[in-house]
1. In whole Hz, with x marking every Gly and Pro, tabulate ³J(HN,Hα) for the range 110-117 from phi via Karplus 6.51 cos²θ - 1.76 cosθ + 1.60, θ = phi - 60°.
2. Could you sort the peptides 70-82, 109-121 by per-residue average Cβ neighbour count (10 Å cutoff), highest mean leading?
Amino acid sequence: MKLSERAKKLKTDVPAVFFALKKKETPWYAKIVAAIVVIYALSPVDFIPDFIPVLGYLDDIIILPALIALTVKLIPKSVFEECRAQSEGIWQNGKPEKWYYAIPFVLIWVIVITLIVIAII
């Protein structure tokens, strides 16, 4: 599979993982890994900051795809295929069609920043 094909597949797999989180057929351990993947994929904070030459993009090239592959293996195939089909229409012009999917992640970062500020004060 070419790199461009893998990138397109990742674009549909991240939303599919998000939809798998909501399925009761998804095992609890897969939901934990899926939540980590979705938060990491949509978070502006990377494990290795992008400004570090070469290493900065390793998480985007290696870590995220590896986490997605692990999550896909943990989710039953029939459930993931259903979620993948459901996620096909979510992207429009390279961006999520529904902006409100970002609300949980914004709330998480607001809570984290609030806790840090409270701890400092």
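1. Ordered by residue, 3J(HN,Hα) equals 5, 5, 4, 5, 4, 4, 5, 4 Hz.
2. 70-82, 109-121
Laboratory data are not the source of any read-out in this text; all were calculated from the coordinates shown. No experiment lies behind these values; they were computed from the predicted model shown. Cβ coordinates were reconstructed from backbone atoms using ideal geometry, including for glycine residues, and neighbour counts include every protein chain displayed.
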